[in-house]
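Let me begin by presenting the structure, written as structure tokens, before commenting on it.
Please treat every number below as a calculation from the coordinates, not as lab data. Everything numeric here is computed off the predicted structure, so don't read it as measured data. Glycine gets a Cβ as well: all are built from the backbone with ideal geometry, and neighbour counts include every protein chain shown.
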Amino acid sequence: MVSTQTLKQQLWQEIEQFSWQQLWELLNFIYYLKFKTTHQLSFVTEQTIGLSSDPLARAAQVMLADYTTDQELTAFTALDSEDFYAVE
């Protein structure tokens, strides 16, 4: 069995070789893991839920259900029909 310290060292050595884009994707993945753990989601792959390879598109797709059903997030959709540029 590998010790936690050895595992952390191996992980750090690999991370040090990552490009900026790979680091960004790793950070997004870490946030996803935290979200999945917090919300007790079952494991899914990008293919099974049709996620994009673009990190921002992937984040939007993951949060789509919340953005369309959570009342705190949909409260402002009542203003969608308002003409903000109308002169009164």
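For Tyr67 and Gln21, what is the calculated FRET efficiency with R₀ set at 25 Å and r taken between the beta-carbons, to the nearest 0.05?
Values: r = 26 Å, r/R0 = 1.03.
Efficiency computed from Cβ-Cβ geometry: 0.45.
Show me, for region 75-80, the HN-Hα J-couplings you get by feeding each phi into the Karplus relation (A = 6.51, B = -1.76, C = 1.60, θ = phi - 60°), rounded to Hz, glycine and proline as x.
Ordered by residue, 3J(HN,Hα) equals 4, 7, 5, 4, 8, 4 Hz.
Can you tell me how much longer the chain between Ala86 and Lys34 gets when fully stretched, taken as 0.36 nm per residue apart minus their C-alpha distance, in nm with one decimal? If you can, show how the numbers build up before the last one.
Values: separation 52, 0.36 × 52 = 18.72 nm, distance 4.37 nm.
This chain segment gains 14.4 nm when fully extended.
Can you check what the net charge comes to around Trp24, using other residues whose Cβ is under 14 Å from the Cβ of Trp24 (Lys, Arg +1; Asp, Glu -1)? Could you put the intermediate results ahead of the total?
Values: positive: Arg58; negative: Glu25, Asp54.
Taking every Cβ under 14 Å from that of Trp24, the sum is -1.
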